[in-house]
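All remarks here apply to the structure that follows.
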Amino acid sequence: MYEIKTIRAEEEHVPILTNLSRYYTYDVSEFASELHGYEIGEDGHYAECVREYWEDPTVDALLLQADDEWAGFALVKYHLNNKETNYEIAEFFVARKFRRKGIATQFAHQVFNTYPGEWEVNVWPKNPLAVAFWTSSISRYVNREIEPVLNYHAHYECEMVTIRF
């Protein structure tokens, strides 16, 4: 059993967040090939995806540690003028070696508990493992079955599976 910690990212954590985000970009590139920003750059690295969020005052970055090892991150976006939800998981990543151990679910629940309110999670429908993870994790969090909805998401300019709770 891992001891997990959720840490609010500060300026000193930007290099860690940037490095972890490259693994995230690599992972999701399989499902986001038609979107810009998920290709391998001229330097041979995947792009980092956190800079735009780090500079956005409506986004908080949280880092995950499992037994004091960096294990992932979550980017939480505040919906300041949205009547339906208060928060959105903008990006969520847990490194492969920590998956299928319950760590991602614990981390997600810690994130939800850190920001009480109405939530929205959007997932690419081409990523059935992520859809299953979020559906199961959120259902356990709210203690009832959740029905994801497929709809067009303007920010991503594509269809997404949306879960609101």
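Checking every residue in the range 147-164 against the condition of being touching a strand residue (DSSP E or B) at 6+ places or on another chain (Cβ under 9 Å), at pLDDT 95 or above and under 21 Å from Tyr26 (Cα atoms) gives at least one match. May I ask you to verify whether Arg140 is closer than 23 Å to Gly72 by Cα, touching a residue at least 12 places away in the same chain (Cβ under 8 Å) and basic (Lys, Arg)? Against the criterion (closer than 23 Å to Gly72 by Cα, touching a residue at least 12 places away in the same chain (Cβ under 8 Å) and basic (Lys, Arg)), Arg140 qualifies.
Among the numbered conditions (1) small (Gly, Ala, Ser); (2) at pLDDT 85 or above; (3) surrounded by 13 or more Cβ atoms within 10 Å (Cβ to Cβ); (4) not in a helix (DSSP H, G or I), the only one that Ala32 does not meet is (2).
Which residues, taken from the range 97-134, are among the hydroxyl-bearing types (Ser, Thr, Tyr) and part of a helix (DSSP H, G or I)? Give the derivation first.
Start the filter on the range 97-134 by keeping residues that are among the hydroxyl-bearing types (Ser, Thr, Tyr), which leaves 105, 114-115.
Correct list: Thr105, Thr114.
Looking at Pro116, Pro148, which is the one that is over 15 Å from the mean Cα position of the chain (by Cα) and surrounded by 18 or more Cβ atoms within 10 Å (Cβ to Cβ)?
Details: Pro116 fails: surrounded by 18 or more Cβ atoms within 10 Å (Cβ to Cβ).
Sole residue among the options that is over 15 Å from the mean Cα position of the chain (by Cα) and surrounded by 18 or more Cβ atoms within 10 Å (Cβ to Cβ): Pro148.
Just checking, which of Tyr78, Tyr87 is among the hydroxyl-bearing types (Ser, Thr, Tyr), surrounded by fewer than 21 Cβ atoms within 10 Å (Cβ to Cβ) and either without any contact (Cβ under 8 Å) to a residue 40 or more places away in the chain or closer than 20 Å to Thr18 by Cβ (or both)?
Tyr78
Just give me the residues in the range 142-165 being outside any strand (DSSP E or B) and in contact with a Phe, Trp or Tyr (Cβ under 6 Å, 6 or more places away or on another chain), in sequence order.
Across the range 142-165, the qualifying residues are Val142, Phe165.
The values are calculated or read from the model by the stated rules, or taken from the named source; none is laboratory data. Remember, it's a predicted structure, so these values are computed and weren't measured experimentally. Glycine gets a Cβ as well: all are built from the backbone with ideal geometry, and neighbour counts include every protein chain shown.
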